[in-house]
1. Which whole-Hz ³J(HN,Hα) couplings does region 229-239 yield from phi under the Karplus relation 6.51 cos²θ - 1.76 cosθ + 1.60, θ = phi - 60°, glycine and proline marked x?
2. Let's test the formula: R0 of 25 Å, r as the Cβ-Cβ distance of ASN219 and VAL162. What FRET efficiency results, to the nearest 0.05?
3. Between ARG675 and ARG695, what is the FRET efficiency for a Förster distance of 22 Å, r being their Cβ-Cβ separation, to the nearest 0.05?
4. Given contacts defined as C-alpha pairs under 8 Å and at least six residues apart, what's the relative contact order of region 714-769, whole-number percent?
5. Find the accessible area per residue for region 639-729; the probe is 1.4 Å, ligands and nucleic acids are left out, and the unit is Å².
6. Using +1 at the C-beta of Lys and Arg and -1 at the C-beta of Asp and Glu, which of SER82, GLY94, ILE55 has the Cα lying farthest in the positive direction of the dipole of region 1-139?
7. Please turn the phi angles of region 6-21 into ³J(HN,Hα) values with the Karplus equation 6.51 cos²θ - 1.76 cosθ + 1.60 (θ = phi - 60°), one per residue in order, whole Hz, x for glycine and proline.
8. Between GLN186 and LEU3, what is the spin-label point distance in nm, taking each point 7 Å from the Cα along the Cα→C-beta axis?
Amino acid sequence: MTLQQETRDVLCQLLQTGDEADRCYAARTLGILGDRESVDTLIKRLRDEDVDVSIDAAEALGNIGATEAVPALIESLENDPSGEVCTMIAEALGKIRSSESIDPLLKILLQRPDYLEWDDDWDTWWDVQKEAVKALGLLKAEKAVDALPGLIDDDKQQDIEVDILNTLIDISAAGEARVIERLQNQQSLPPQRRRAAHALAKSVTPDATKALGRALRDNAAQVRAEAALALAEKQAINYLGALLLLLKDPHEEVRQAAIRAITRLTKDNANASELQEALESMLSDPDSQVRATLLTLLLPVVADNPLSEQNFQAVIECISDSAAETAAAACALLGANADPAAITPLLSLIDDANGHPMVRREAAISVGKLGRIDAHVMETLAKAVTDKQQTVRLAALTALMALENSGALMEEDNVTDENNPVPRPLELVIGIAIIAEPPSPADETAKDEDDTKEQLAEAETGDSAQVRQSTPEVTVDSIDLPETAAQIVQEGEVEAATSTLDAIAMENVESMMNASSPAAEEIIEDEITREYRGIVKQNKAMMRRIRSHRNSDVQPDVRRLAVRVLAATDAPLAIDTLIQSLNDDDPLIRREAAESIGVVARRSQQIPQLMDAVGALITQLAIGDIDHKVSCARTLSYLGNRAALVPLIEATKAPEYTLRIQAIDALVRLSLNSRDSDEAGHMVVRNVPQLSIARKLMENLDDDDMGIRVAATKGLAQILKPLNEETFTRKVIKKVVSSVMLSTGEEARLLGRALRQFDTRIGNEELLTRLKSAEDSLKRSVFIEMIEELLQPEKAA
């Protein structure tokens, strides 16, 4: 006997001898599994003493598609007093699609049986009727075409007009003709014509399309609107011109529907010229939503079909529209249109502190897309970085990074202006991220710091031996790597790191002068350090101008956002800034840095410089707030360095639920996607084997929280899949099944689906053993649900 046969036999036995819960669960599962050998047993349960068992048996027979069960189903349909049972039988007959069912379904549709029970004041026949209508559509029952329209107009019937119209279309061309008649009958009520138009959207015939096209001229606005949407659903591109005319319809409902329809029809940009022609006349539409949507329509079009000069000027006028949504859409369109002539008016919007934040945000983003770097652009974006509205600040920083990544060249005049140099966008963002606010803006402390730094810089370019002896520089390349893998430490054991780069970034000379160092030897600066120093010195003037606009409450947020947008580049200076920001005094900046490093790692894991972040991330995995720990765990999983395996294993035992979940996910990802330690040059003292990781992860199956157990099960499946470890896999599956009984069993289906990732044969064997030995129906129901999830066929996409 095969395992499949054994499973069927156990379920059939329960269907015959189990209590009502056993019989319901067994019937449902047999149907889901599509086991035709169980049809006879299921037929016997159609007249079970428990109505729920009968319902589940009928559903199972429908799911199996058992034509041999049709006579028994019809017999129950014509005699069973339960409306619920008859409703499910009608649905099952539709799925089986036997012509033998048509007459019985028509009979019960048109005439209420005396034997059907009421459910309080609800007539259960109405439910049976609705399913009978759907079944007749699946059966393509021509006999029903003449009878169905009469049900719509019968005031004594329930409102199942939508189902009847859909069924008429499903049956045949004759049925569809009845629906078209209703659409064109001006004597019928507008809602009836509207529902007919809605139903015709699913038709594929030319007649239906023509009828919908004529309905665009219907007297009722709701019918015109529905016809427009139906034509779009049918992809009737030939009616684009007619839909464009609807943009001038006097009713807002129709214009809105026309816009939605046009949007759907023009996704492939094939009709850009027609849209361009329609644009200018519609930009003055009294409905701001219509104006905004029209502008949005052209977003995917203008990349290949730029705005005409006339339309360009019309859009420029729209950026000052009183409706913020329209103005913002106009700004976005100008960015997509890629005409640098839009830069000046967009900069004016950004510079308007009283403007709507949404409009200014879109203006800034569009400037970033237009790819020009000059003094005006940089000054405006630099000022916007400290705007009181966070959405404007983030947009300005995003624009700077977009300009950097676009490879745009600096305007020639600005490159040579030594008195007022304009930094590259990346340099400006890095300067914002690393240069903190002076501690006492009201006095001259800031000025003293700048003077002191300038003196120090001058000393370093000349005879500065004494300074170097008291302040030895620590460069990135000179840091000695540890001989052992970094370990998790307790909060308070580690002080924030201080380096030359930190000191420069924070504009705090004292941190350099007072830093302790084991040696006083002169260290040659590496290229990154020298470039770092150059950026800070070059950005002094720009940062002073930024500070003149800066709100003290905004400054921390500006730095956090700057660290966030640095994730958009793989530039070494940006990565170095992010690594330095892991040691920032602001915990939110540390978290943003961890997240940004993760974004870079997901995109470009091979960058060697990213490995400099591993030690700090491992350390911070054990300290700080929970959100930061979660960020560290996630980022470590993307870096591909197996030195993080042990710390992540420890984090799976953390007291915080969210950290345990993230640590499990990170551990699995890192174990499966890590780089070869020797090839990558990673210093991994303890390279934990995959099977050892699985053993550690298996301990989480005893967790009190259901989510942890499910996550651990899914993770174990991924780790064990490439390994040939059947003995250990059996242990894992046994423990997974046992873990379901730690609580109420509510995760049975989740774990059953997770078991599909293991060897289903092993899972099936274990579940059958547990099912046979379970002492009550509650436990048996849990194992049956897991079997159902484990063995059910994959659903078609």
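1. 5, 5, 5, 5, 5, 7, 6, 7, 5, 5, 9
2. Details: r = 22 Å, r/R0 = 0.89.
The computed FRET efficiency comes out at 0.65.
3. Between ARG675 and ARG695 the formula returns 0.45.
4. RCO, region 714-769: 49 percent.
5. Value for region 639-729: 44 Å² per residue.
6. GLY94
7. Whole-Hz 3J(HN,Hα) from phi for region 6-21: 5, 4, 4, 5, 5, 5, 5, 5, 5, 4, 9, 10, x, 6, 4, 5.
8. Placing both labels 7 Å beyond Cα along the Cβ direction yields 7.0 nm.
The values are calculated or read from the model by the stated rules, or taken from the named source; none is laboratory data. From a predicted model like this one, the values you see are computed outputs, not experimental measurements. Note: ideal-geometry Cβ built from the backbone for every residue, glycine included; neighbour counts use all protein chains shown. Ligands, DNA and RNA are stripped out before the accessible areas are found, and what is left, the full protein with its side chains, is counted by its heavy atoms. Shrake-Rupley method; radii C 1.70, N 1.55, O 1.52, S 1.80 Å.
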